[in-house]
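Down below is the structure, laid out as structure tokens.
The values are calculated or read from the model by the stated rules, or taken from the named source; none is laboratory data. It should be emphasised that the depicted structure is a prediction, and the values quoted were computed from it without experimental measurement. A quick note on method: Cβ atoms are made from the backbone with ideal geometry, for glycine too, and the neighbour counts reach across all protein chains shown. Heavy atoms of the whole protein, side chains included, go into the accessibility calculation; ligands, DNA and RNA do not. Shrake-Rupley method; radii C 1.70, N 1.55, O 1.52, S 1.80 Å.
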Amino acid sequence: MKSQILLKINDFLKKRLIELAGILILVIATFLLISIASYTPSDPNFIYTPENTDIKNFGGFYGSVFADFLVQSIGLISFFVTLNLINWGFSLITNKKINDFISKIFFTLAYIVFGTTFLNIFLNNSFWLIDNGNGGFVGRIIKENI
């Protein structure tokens, strides 16, 4: 009798922790999506942080830093990565299970690599992402070393 109650409590706590992880992923991904959508190249970043600048990013200073890192490294694929995270968050909240974690990470990394390379080869002209183009520096490095 006691073990049945403990199993139910354990199952209940495990499901709530998975839901909490899903909510946390959802909040972080939404913050990143808003920050990337409001990205401005003149905002502060890891390298260039002027003291008296007006930050235009909706995520503030941290939003501009994370958006700059994602956009400069993987380009427009950063939108898909954040949408993927939103999907994972909703999946964790609704299913209350963690399924195929390793394969999800593998396929996410695969579409980041192939997506940045594709964008850098075929659609690299950008007025918004001046420094590294639509594929980011990951796509540029892969393209140069193929």
Whole Å is fine, so just give me how far the alpha carbon centre of region 35-57 lies from that of region 70-85. 17 Å
How far, in degrees from 0 to 90, does helix 2-37 lean away from the longest principal axis of the Cα atoms of the chain, to the nearest 10? 10 degrees
For ILE146, project a label point 7 Å along Cα to C-beta. Then give me every residue of region 112-126 with its amide nitrogen under 17 Å of that point. 112-125
Tell me the carbon and sulfur percent of the accessible area for the chain, rounded to whole percent, probe radius 1.4 Å. 71 percent
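Applying 1/(1 + (r/R0)^6) with R0 = 41 Å to the Cβ-Cβ distance of SER42 and LEU13, what FRET efficiency is obtained, to the nearest 0.05?
My answer for the efficiency is 0.30.
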For region 69-137: rounded, prolate or oblate by the Cα gyration tensor [a/c cutoff 1.5]: prolate
Between ILE93 and LEU6, the FRET efficiency computed from the C-beta separation at R0 = 41 Å comes out, to the nearest 0.05, as 0.95
Report the convex hull volume per residue for region 73-112, counting only C-alpha atoms, in Å³. 56 Å³
Test item: Cα-centred dipole of region 30-146, Lys/Arg +1 and Asp/Glu -1 on Cβ, debye: 500 debye
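DSSP loop trypsin sites (Lys or Arg not before Pro) in region 6-87 with at most 13 other Cβ atoms within 10 Å of their Cβ, which ones? Mind dumping the intermediate values first?
Working: sites: LYS8, LYS14, LYS15, ARG16, LYS56; in loops: LYS56.
When the trypsin sites (Lys or Arg not before Pro) of region 6-87 are filtered for loop state and at most 13 Cβ neighbours within 10 Å, LYS56 remain.
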Could you point to the label whose value was computed as Rg/Rh (Cα atoms, Kirkwood Rh) for the structure here, given [x] 0.98; [y] 0.93; [z] 1.12? [z]
Computed label-point distance, nm, for sites ILE102 and ASP131 using a 7 Å Cα→Cβ extension: 3.6 nm
Using alpha-carbon positions, the gyration tensor of region 1-56 gives root eigenvalues a ≥ b ≥ c; with a/c under 1.5 called rounded, otherwise prolate if a/b exceeds b/c, else oblate, the class is prolate
For the chain, dividing by residue count, accessible area per residue (probe 1.4 Å) in Å² works out to 67 Å²
